[in-house]
Amino acid sequence: MKVLRNKGFDKSKWMQLPRDVLVGHGVLGQLPQVCADLSLGDSVLVVTGQHTLRVAGDRVLKLLSRNYETRTFLAEEISPASIAEAEAEAREARFLVAVGGGKIIDTAKVASFNTERQFISVPTAASHDGIASASASVPTPGGNLSLQAHPPVAIVADTGIIASAPHRLLASGCADIISNGSAVLDWELSHRLNGEPISEYASTLSRITAEGMIRNADLVKPNREETAWMVTKALVASGVAMSIAGSSRPASGGEHKFSHALDRIAPGKGLHGEKCGIGTIITLFLHGGDWRGAREALRKIGAPVTPQEIGIDDATAVEALLLAATIRPERFTILDMGLTRESAESLIRMLYKE
Ligand SMILES: [Zn+2]
């Protein structure tokens, strides 16, 4: 067969997406069918934590032990050392199942990627879009390292389990989704200014998730499966947008750099999505976007809108805004356009204005 070659066309792309996505009431019971459907092998490493073992890990082990040789790895913290331990365990199994929140899923994501195994994501909370994405966040002494790994081969998100998690986690997940709105504006800005390639599909999908979350903020109620359903679907869509783009660009802009800067100078204060939500109010304001609408939605959801609400003083928040530009400088955002100390101070003050 003659292969047609178009002169000058040399584009190619590799998109990795999850294959089986189950979201809904009681779907945890279908985990064995998912494993069988994907033919992942006869032995599994379940990565979980003390708490999430009780919440869902025990059930997962029971469900899988009928047909698989099971091992358990308890990931209480995430660090390069704990990931190395998880990798050693992963080599003894054919695939991994992560049962827990962000740290546990990221541990399994990196360990499975480094050992060339697949992993299934079983989130016990909807606290950020890492449940469905290819990238993982690993804290190191020099700050958080964002690692590109691979997306889960399957996601089994049981809304009954997710709705039972503390509301603060879900509100943080909502804020992470709302931050997609400002991340896309940063991406478009860099596209116009620097010619950075942009994906119309990825940016549109990401923006829709943010708009939907703002529009439906009234429907976000604590410990309701309907809410868990809505938020989990949006987090999965956000992960898909990143898979299409091949990077976290559609869901991570200046607001994420602000969050990473806070991780560095105020470690342990606030959740990832909470910090991104506060950052989004600032970057949306700078873009001339509807920052009041985003702030109102965050309030309705029960997410913080000022640094003080997460135990961070304003002076530290100012430092974080200034530091944000130095984090991932290759990822251009509105915070990289010559922010001064005076402007950073007035931006933080603005957060408290009615
Ligand atoms: Zn995020």
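For a quick check, take a GNM of the chain with Cα springs below 10 Å and name the residue from V122, V236, V138 with the largest mean-square fluctuation.
Per the Cα network of the chain with a 10 Å cutoff, V138 tops the list.
Calculate the spin-label point distance for E188 paired with E354, positioning each point 7 Å from the Cα along the beta-carbon direction, and give it in nanometres.
The answer from the label model is 3.2 nm.
May I ask you to give the percent of accessible area on the chain that is carbon plus sulfur, with a probe radius of 1.4 Å?
Carbon with sulfur: 53 percent of the solvent-accessible area.
With each pseudo-label sitting 7 Å past Cα toward Cβ, what's the D290-S346 distance in nm, one decimal?
Spacing of the two 7 Å Cα→Cβ label points: 2.6 nm.
From Cα pairs below 8 angstrom and at least 6 apart in sequence, can you work out the relative contact order of the chain, rounded to a whole percent?
Contact order relative to length: 16 percent.
Report, for segment 119-226, the % of DSSP beta bridges that are antiparallel, rounded to 5.
Antiparallel bridges make up about 75 percent of those DSSP assigns within segment 119-226.
For Cα pairs less than 8 Å apart in space and 6+ apart in sequence, what is the mean separation divided by the residue count of segment 13-115, i.e. the relative contact order in percent?
The value is 32 percent.
Averaged over all directions, how much area does the convex hull of the C-alpha atoms of segment 239-287 cover when projected, in nm²?
Taking a quarter of the hull surface, the average projection is 3.7 nm².
Provide the packing ranking of 253-263, 77-87, i.e. peptides ordered by the mean count of other C-beta atoms within 10 Å per residue, highest first.
Those peptides, ordered most packed to least, come out 253-263, 77-87.
Roughly how many debye, to the nearest 20, is the charge dipole of segment 209-248 about its Cα centre, given +1 on each Lys and Arg Cβ, -1 on each Asp and Glu Cβ, and no other charges?
It comes to approximately 20 debye.
Positive end of the dipole of the chain, charges at C-beta (+1 Lys, Arg; -1 Asp, Glu), about the Cα centre: which of V156, F258, G143 has its Cα farthest in that direction?
Sorting the options by dipole projection puts first V156.
Below 15 angstrom from the Cβ of N223, what's the summed charge of the other residues (Lys, Arg +1; Asp, Glu -1)?
Result for the neighbourhood of N223: 0.
On a C-alpha basis, how far is the centre of segment 51-109 from the centre of segment 293-312 in Å? Whole number, if you could?
The two parts, judged by their Cα centres, are 33 Å apart.
Give the accessible surface of the chain per residue, rounded to a whole number of Å², with probe radius 1.4 Å and ligands, DNA and RNA excluded.
44
Choose one of V184, P123, I310: the residue whose Cα lies farthest towards the positive end of the charge dipole of the chain (beta-carbon charges +1 Lys, Arg; -1 Asp, Glu; about the Cα centre).
Comparing the listed Cα positions along the dipole, V184 ranks first.
List the extent of the Cα atoms of the chain along each of their three principal axes, largest first, rounded to whole Å.
That gives 62, 59, 39 Å along the principal axes, largest extent first.
Along the positive direction of the dipole of the chain (beta-carbon charges: Lys, Arg +1; Asp, Glu -1; about the Cα centre), which of A88, N6, V231 reaches farthest?
It is N6.
Expressed as a rounded percentage, what relative contact order does segment 81-211 have, with Cα pairs under 8 Å and six or more residues apart?
Averaging sequence separation for qualifying contacts and normalising by length gives 20 percent for segment 81-211.
Dipole magnitude of segment 37-134 about its Cα centre, charges +1 at Lys/Arg Cβ and -1 at Asp/Glu Cβ only, in debye to the nearest 20?
280
Could you tell me what percent of the DSSP beta bridges with both partners in the chain are antiparallel, to the nearest 5?
Close to 20 percent.
Which whole DSSP H helices in the chain pass both tests: a Cα extent of 20 Å or more along the axis and a mean Kyte-Doolittle value no lower than 0.0?
In the chain, the long hydrophobic H runs are 167-194, 225-245, 272-287.
Considering only protein heavy atoms, what is the solvent-accessible area of V34 at a probe of 1.4 Å, reported in Å² to the nearest 10?
My reading of the accessible area for V34 is about 10 Å².
Taking every pair of alpha-carbon atoms in segment 94-156, give the share separated by more than 15 Å as a whole percent.
Everything past 15 Å amounts to 41 percent.
Evaluate 2.2 N^0.38 Å with N set to the residue count of segment 1-97, then give the Cα radius of gyration divided by it.
Rg over 2.2 N^0.38 Å, computed on Cα atoms: 1.51.
Ignoring everything except DSSP H segments at least 4 long, calculate the 222 nm mean residue ellipticity for the chain; use -39,500 (n - 2.57) per segment, divide by total residues, nearest 500.
Only helices count here, giving -15500 deg cm²/dmol.
Dipole size in debye (nearest 20) for the chain around its Cα centre, Lys and Arg Cβ +1, Asp and Glu Cβ -1?
700
The values are calculated or read from the model by the stated rules, or taken from the named source; none is laboratory data. Everything numeric in this text was worked out from a predicted model, so none of it was measured. Here the Cβ is made from the backbone with ideal geometry for all residues, glycine too, and neighbour counts use every protein chain on show. The accessibility values were calculated without ligands, DNA or RNA, using every heavy atom of the protein model including side chains. Shrake-Rupley method; radii C 1.70, N 1.55, O 1.52, S 1.80 Å.
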